[in-house]
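The values are calculated or read from the model by the stated rules, or taken from the named source; none is laboratory data. None of the values given here were measured: they were computed from a predicted structure. Please note: Cβ atoms are built from the backbone with ideal geometry, for glycine as well, and neighbour counts cover all protein chains shown.
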Amino acid sequence: MTTFFSRNALPALIQGGMGIAISNWRLARSVARRGHLGVVSGTAIDRVVACRLQEGDQDGLVRQAFDAFPNREMADRVYARWHRPEGLPEAGAYRPVPMFSADPPAHLLELAVIASFTEVWLAKRSASGPVGINLLEKIQAPTLPLLYGALLAGVDYVLMGAGIPRDIPSHLDALSQHQPCSLKLKVEGGEDESIPFDPSQFACQDTPILRPKFLAIVSSHVLAMSLARSGGVDGFVVEGPTAGGHNAGPRGWSPAANDEPVYGPKDAVSLERIKALGLPFWLAGGQEEPDALQRARELGAAGIQVGTAFAFCSDSGMDPRVRLKALAATISGQIKTLTEGRGSPTGFPFKVLPLPGTEGGRAAAERIRQSCLHGYLRSAFRKADGTLGWRCPSEPEELYVAKGGKAEDCPDRRCLCNGLLATAGFPHKLKEGGTELALVTTGLMENLKRFLAHAEDYDANAVIDYFCGAEAKLPATV
């Protein structure tokens, strides 16, 4: 059933923006075609699109999106740089994409802008419902070009968590008017750096932009109250600790051990305080039962956000071999999702599926510390000479320590960038030899068997039907 989207409407169901490329344009479009909010992941989308081009763009869909970009000369330039008509010479042999820094080269900025444009444009094609993009506050350097590209494609919502996205509303205001702005880059051991961004260099000023709505992803009513006071926020996704991927740590917690964090009553979010802010909100994490949408509305929410059920459906961007293996292992009761206290270099708890044959199936003692090929979770630090450097506690310990990092930060860490790209079907050859292993991050999976009771696989429509039942697939009006 196709429904029509109005910006005066609120989606009852938000499909989680899972990265890297799990929430790809195909999944988001499938959800948006049903009138709900389909969300693409903006995390590492520059690399994802570069990989698709290097694989040959066999179906021509990336070329179609590039042809729709307002600056055709720029689109042709980016396409020529990364497209390999013959595909990869061998599995994993991708040309490296430069890592983002505070002063990225022009060709990397162009790739980021057109890559996020491409993902949103493809998701919106033939979809009558809204499309959003999800970004992480933690990954700062590419944020402004990714936002601008998404805005040029007509993105309807921007969702952001993994930090305090206080400045994003003002950036959306500026970029919607093709105005320059700058993002504050957090720097360890020194003053923050300002990263300027000028849309005029992309020559797209004649393209009208309607400012998208901004939803902050929060796990605390205190943070929601603070962001509401700052202004420019259009609503909240209130995420509980059972949500997949990264989670906020329990109150008073520090990632000193790799034990699973324990959450208690003090970590509960006061929905009454969030409701008092007068802004719409959606509940996320642990929304598994068929009456979840009804219960959320009874609590004052506009609806729910669902991630895991969509992540493992056939429309998602997960490598089908990994996805089906993970489903089979979980449903048979062989494994369950773990929350690692120290696995992620971000310092946040991180959910991992210990699937045999993947990076998540390796115990800490078995992990090989790899050189990160992508660098999204690196932190900027100030060198002795005053210049910026970049380091990550998941990189080889000797490199991290040589950059001034503390050796005690390194044990038990995983390289998420390498593993998550492999999970999306883009495993790269490693400097140390071999190829990246997939790393599956997820929420609770035990109940996914409900979608497979009468079939070997399931799609996004099955998830929507399950949560929305027989009610019309229309967003709630306001």
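Here are the numbers for the structure shown:
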quantity	calculated
Count of residues meeting criterion [assigned to a loop (DSSP other than H, G, I, E, B), within 22 Å of V97 (Cα to Cα) and not hydroxyl-bearing (S, T, Y)] in segment 374-388	4
Extreme residue, surrounded by the most Cβ atoms within 10 Å (Cβ to Cβ), among residues of segment 323-355 that are hydrophobic (A, V, I, L, M, F, W, C) and more than 21 Å from the chain's Cα centre (by Cα)	L355
Where R26 falls short, out of the listed (1) farther than 17 Å from I114 by Cβ; (2) without any contact (Cβ under 8 Å) to a residue 24 or more places away in the chain	(2)
Set V262, V233, V237: member being in a strand (DSSP E or B) and either under 21 Å from A150 (Cβ atoms) or of a type in the set (A, V, I, L, M, F, W, C) (or both)	V237
Residues within segment 424-456 that are assigned to a loop (DSSP other than H, G, I, E, B), under 22 Å from V306 (Cβ atoms) and either within 20 Å of the chain's Cα centre (by Cα) or touching a residue at least 40 places away in the same chain (Cβ under 8 Å) (or both), tallied	8
Single residue of A75, A150, A80 found to be within 30 Å of H221 (Cβ to Cβ), of a type outside the set (V, I, T) and part of a helix (DSSP H, G or I)	A150
Flag for G419 being outside any loop (DSSP other than H, G, I, E, B) and under 28 Å from E239 (Cβ atoms)	yes
Contacts under 8 angstrom Cβ, first residue in segment 55-68 being surrounded by 14 or more Cβ atoms within 10 Å (Cβ to Cβ), partner assigned to a helix (DSSP H, G or I) and basic (K, R), 6 or more apart	D57/R63; V62/R52
Criterion: surrounded by 18 or more Cβ atoms within 10 Å (Cβ to Cβ) and of a type in the set (A, V, I, L, M) - qualifying residue of L210, L283	L283
Output for segment 189-220, where each listed residue is assigned to a helix (DSSP H, G or I) and touching a residue at least 60 places away in the same chain (Cβ under 8 Å)	Q201, F202
Any chance K406 is free of Cβ contacts under 8 Å to residues at least 12 places away in the same chain and of a type in the set (K, R)	yes
Leading residue by the ranking (modelled with the highest pLDDT) among those in segment 356-391 that are surrounded by 20 or more Cβ atoms within 10 Å (Cβ to Cβ) and charged (D, E, K, R)	R391
Condition broken by M225, with the remaining ones in (1) in contact with a Phe, Trp or Tyr (Cβ under 7 Å, 6 or more places away or on another chain); (2) without any contact (Cβ under 8 Å) to a residue 60 or more places away in the chain satisfied	(1)
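Condition check ((1) among the β-branched types (V, I, T); (2) surrounded by fewer than 23 Cβ atoms within 10 Å (Cβ to Cβ); (3) at pLDDT 85 or above) across all residues:
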{"residue": "C410", "(1), (2), (3)": "no, yes, yes"}
{"residue": "L421", "(1), (2), (3)": "no, no, yes"}
{"residue": "A424", "(1), (2), (3)": "no, no, yes"}
{"residue": "G433", "(1), (2), (3)": "no, yes, no"}
{"residue": "T442", "(1), (2), (3)": "yes, no, yes"}
